Every structure is written in C-alpha cells, then in structure tokens.
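Data first, discussion second: the structure below is written as structure tokens.
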Amino acid sequence: MKTALVRGLAVPLVALLMAALTVLSVGASGAHAATSVSAIAEALRKGPVYVDPAAAGQLSKRDADALAKKIEDAGKPVFIVVLPADYPTRNLFSDVRTATGVTGLYAVRLGDRFDARADSSVLPRTAVQNLVTSVQGESAKAQLNDFTDRALVSVRGHAPSSWGGAGGGRGVSSTALITAGVVLVLGGVGAYTLVRRNRRRREQEQQAALEKLRVVVDEDITAFGEELDRLDFRPSEPGADEAMRADYERALDAYEQAKSFMAAARRPEDVKAVTQALEDGRFSLARLAARREGRPLPERRAPCFFDPRHGPSVADATWTPPGGSPREVPVCAADQARLADGRDPMIREVDTEYGRRPYWEAGPAYGPWAGGYFGGGILPGLLVGTLLGSMMATPSYAADYGTGYGDFGGFEGGDVSGADFDPGDFGGGFGDGGGGDFGGGGGDFGGGF
C-alpha cells in the first residue's frame with residue numbers, strides 16, 4: 001500500500017521537478033539573451049531606452065524611465081542603449097539597426113564611452129557628429145539627457161508605432177508585465193477613451209493654429225496674385241521669347257499650386273509647401289523682369305527676411321533683434337537701403353494676443369510658414385534669439401510642428417524599413433578601424449576599441 005502510494009506521488013513530483021527545471025532553463029537562457037543584439041532590438045521596438053542588466057550602475061531605472069518618457073512625449077525616433085564596457089563592439093551599430101528594423105537615431109553608451117549613428121533621412125552624419133562631440137566626457141545621466149534634448153530638436157520623423165508596449169529594455173520584471181497587462185485589460189475602455197480625448201484635443205489645437213496661420217498665408221497668396229496682375233506681361237507681346245514665357249508659366253503654376261496646397265492643408269506643417277511655391281514663383285518673376293529689362297539674371301537667393309513678400313533678397317545685411325545678438329540676414333534692396341540709413345526695415349507683422357507683432361515673435365505655427373521661405377538649413381541661424389527661434393529649439397515644438405524647414409527623403413524616421421538602409425550611415429561598428437567606427441560619429445574613441 002505504501003509502495004503504491006510512493007509510486008503514485010513520484011509521477012507528479014517528477015513532472016513538477018521537470019517543469020521547474022524547464023522554467024529555470026528558460027529563465028537562464030532569457031538572462032543570457034538579454035545581452036544579445038536580438039534582445040536589444042526587441043527592447044527598442046517596445047521603448048526608446050535599453051539598459052543592459054550588466055550596466056545598471058550606469059543609469060538607474062528611474063533615470064532610464066524619465067529619459068524614455070521624454071523621448072516618447074516628443075514622439076521622435078531616438079533610441080538609447082546603455083551597455084557594459086566589455087560588450088562586443090564589432091558591427092554593433094549596423095547590427096542593432098538591422099535587428100531593430102526601424103529608421104532612427106541610435107546612441108550607445110558603452111562603459112564610459114559614447115557614440116551615435118542615424119539614418120541620413122533622420123539626421124545628417126555631420127549633425128550626428130556635432131551632437132556626439134558636444135556631450136563627450138559627461139556622466140552617463142547628464143550625457144544621455146543632454147544628447148537627447150539636443151537631438152530631439154533636429155531629428156526628423158516620428159516615433160515607431162510599436163512603442164508603448166511592454167516597457168522596452170528598462171528592466172521591467174515579468175510580474176510587473178503581468179500586473180500591467182491585467183490593469184490594461186480592466187481599464188481598457190477608460191484608456192481608449194483617454195487616448196481618443198487626447199488625440200481629439202491635439203487635433204483641435206492643430207486646427208486652431210492652422211486657422212490662425214491661414215490668415216497670413218492667404219495674405220501672401222493675394223499679394224503674389226496682385227504682383228502677377230501688375231506685371232502686364234503678354235506671352236505674345238513683341239520681344240517676348242521662350243525663356244520669358246517659361247518664367248511666366250512657372251510663376252502662374254506656382255500661384256495655382258500655392259492656392260491648391262493651402263486648400264488641402266490640414267496641419268500647420270502643411271503650410272511649408274505653400275510658401276515654398278510662393279518663393280519659387282517670386283524668383284521666376286524676378287528672372288522674367290531681368291530678361292525684359294536686359295539685365296543679368298539674378299542668382300537664387302532667399303527672400304527678404306523682414307517680409308518674404310518683398311521678393312528675393314539682393315544682399316546680406318547685419319541686423320540685431322531687440323535683446324538679441326547681431327546676425328547676417330538676407331534683405332531686399334529697399335530694406336538694405338533703410339538699414340544703411342539707420343532706419344528700421346519694413347517688417348512683416350501678424351496678429352497675436354498681444355497685438356501686431358513681427359512674425360518671429362508670434363506663435364510656433366509660423367515655423368513651417370517661415371521654413372517654406374527659408375529652406376536649406378538657414379532658418380535656425382536667422383531666428384536665434386527670437387521667440388520663434390526659442391520655441392523651435394524645444395522637443396515639444398519638434399513633436400507638434402516638425403522642424404519647419406527639414407526635408408524628408410526615403411523612409412521617414414520611425415518607419416519600419418528592416419534591413420533596407422544605407423550601411424554607410426552606421427559605419428562598420430565599434431572596433432573595425434577607420435572612418436565610420438564608434439567614436440565621435442566618424443572616428444575611433446581615443447584610438448578605437
């Protein structure tokens with residue numbers, strides 16, 4: 001009887017022991033996989049910050065969570081990885097980028113060393129190098145936060161849709177994940193309602209900003225239409241040639257495009273295409289005028305900084321905004337003469353809650369408006385020290401309005417491109433030697449790894 005009882009108990013005990021061994025085995029393999037590239041990539045697809053367990057002393061969980069929240073709130077594709085000093089470095093950046101499969105900016109703190117890489121559609125290599133150089137020698141917490149703050153201003157694109165999952169690589173335990181899952185299930189309806197409410201509020205804010213901006217853009221379109229009317233050019237008039245007719249057609253096309261783009265605009269950043277079209281149209285008119293008058297064709301220059309309706313600039317002049325520092329700005333002939341005489345330029349003012357103010361002292365929606373006129377990366381320098389320039393230097397502006405002057409090419413930041421990326425953007429990794437390796441965005445860290 002006892003023997004049968006022992007035998008009866010032996011079977012479930014053996015099964016229980018085998019199950020326990022299986023759990024321990026899985027747990028051990030999971031712990032080992034936590035330092036693999038695949039584990040890092042899986043974590044980054046769930047959240048923007050991954051801290052390796054072996055590097056937990058570099059960045060606390062609280063600091064990692066705060067850093068992740070900052071990136072998530074900005075909605076930008078910035079990925080931060082913290083690894084121990086002895087982590088294998090060969091092809092690290094390209095391998096992590098391939099495994100994650102998401103277009104973005106990738107930064108790695110490895111021991112006390114730091115470097116970053118980005119898809120060129122997200123951030124040019126030179127910009128990455130400058131960001132990396134600007135934070136060298138700082139403590140882990142200060143370095144990662146400073147790098148992130150500066151990067152969020154310039155990074156193009158959006159956060160990957162996979163974020164908001166199970167907490168990424170910030171050390172969340174399985175128990176916490178299960179608990180969070182239960183809470184999410186129980187509060188699903190409430191969370192869904194909150195998300196919809198937040199989305200609706202953001203859409204309303206964007207619409208209000210667009211309607212405020214629409215007044216100024218309509219003034220621009222009307223002013224350009226009046227220029228076309230005053231031109232008094234007829235394609236069949238004596239002396240008109242094919243080049244003149246082509247300039248005139250381009251100006252007419254730009255006018256129609258501007259109206260069409262504005263009619264289709266749904267967000268403040270959509271206005272950039274409108275002002276780009278108007279800038280193209282005014283340059284075409286300047287070329288047409290030069291041909292009709294027998295003058296040399298004008299070079300392509302930015303429009304007058306003080307009011308783009310003045311047309312293409314003819315020179316750069318020194319100007320100091322109230323409370324700011326001197327800078328060179330593109331000016332039309334009339335404003336060049338006024339500045340030379342010590343008079344104030346003819347400044348474009350817009351309605352604000354504080355009355356009529358220069359456009360660079362108005363709201364953040366004017367960033368895309370100005371960006372369409374002043375593309376090519378010159379806008380930040382022109383606006384340094386102004387209210388709009390200060391707004392554009394914040395992560396919240398980048399999240400809501402974009403940079404206002406950047407261009408996107410190929411995949412946007414946050415898009416899932418898998419292994420479809422330029423390996424030249426990510427170099428060969430930490431220790432392969434030569435340009436593109438880990439270290440300052442284009443060289444080795446004090447001699448390489």
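The values are calculated or read from the model by the stated rules, or taken from the named source; none is laboratory data. Note that the structure is a prediction, hence the values are computed from the model and not measured. Cβ coordinates were reconstructed from backbone atoms using ideal geometry, including for glycine residues, and neighbour counts include every protein chain displayed. To get the accessible areas, we keep the full protein, side chains included, count just its heavy atoms, and leave off ligands, DNA and RNA. Shrake-Rupley method; radii C 1.70, N 1.55, O 1.52, S 1.80 Å.
Numbers for the structure displayed
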quantity	calculated
Matching residues, the stretch 276-317, being open to solvent by 40 Å² or more (accessible area, probe 1.4 Å), touching a residue at least 12 places away in the same chain (Cβ under 8 Å) and touching a strand residue (DSSP E or B) at 6+ places or on another chain (Cβ under 9 Å)	Pro298, Arg300, Arg301, Arg309, His310, Val314, Asp316
Residues of the stretch 220-244 satisfying the condition of being without any contact (Cβ under 8 Å) to a residue 24 or more places away in the chain and under 37 Å from the mean Cα position of the chain (by Cα)	Thr222, Glu226
Qualifying residue in the stretch 61-77 (condition: at pLDDT 50 or above, among the small types (Gly, Ala, Ser), touching a Ser or Thr at 6+ places or on another chain (Cβ under 8 Å) and within 30 Å of Ala118 (Cα to Cα))	yes
Unmet criterion (only one of (1) of a type outside the set (S, T, N, Q); (2) open to solvent by 20 Å² or more (accessible area, probe 1.4 Å); (3) over 22 Å from Leu213 (Cα atoms); (4) modelled with pLDDT of 85 or more) for Asp335	(2)
Residues satisfying the stated conditions in the stretch 207-222, i.e. of a type in the set (A, V, I, L, M, F, W, C) and either surrounded by 15 or more Cβ atoms within 10 Å (Cβ to Cβ) or at positive phi (or both)	Ala209, Leu210, Leu213, Val216, Val217, Ile221
Of all residues in the stretch 245-267 being more than 26 Å from the chain's Cα centre (by Cα) and open to solvent by less than 20 Å² (accessible area, probe 1.4 Å), the one that is farthest from Glu211 (Cα to Cα)	Asp247
Boolean, Leu194 is modelled with pLDDT under 85 and not in a loop (DSSP other than H, G, I, E, B)	yes
Scan of the stretch 230-244 for residues that are part of a loop (DSSP other than H, G, I, E, B) and either modelled with pLDDT of 95 or more or surrounded by fewer than 15 Cβ atoms within 10 Å (Cβ to Cβ) (or both), ordered by number	Asp232, Arg234, Pro235, Ser236, Glu237, Pro238, Gly239, Asp241
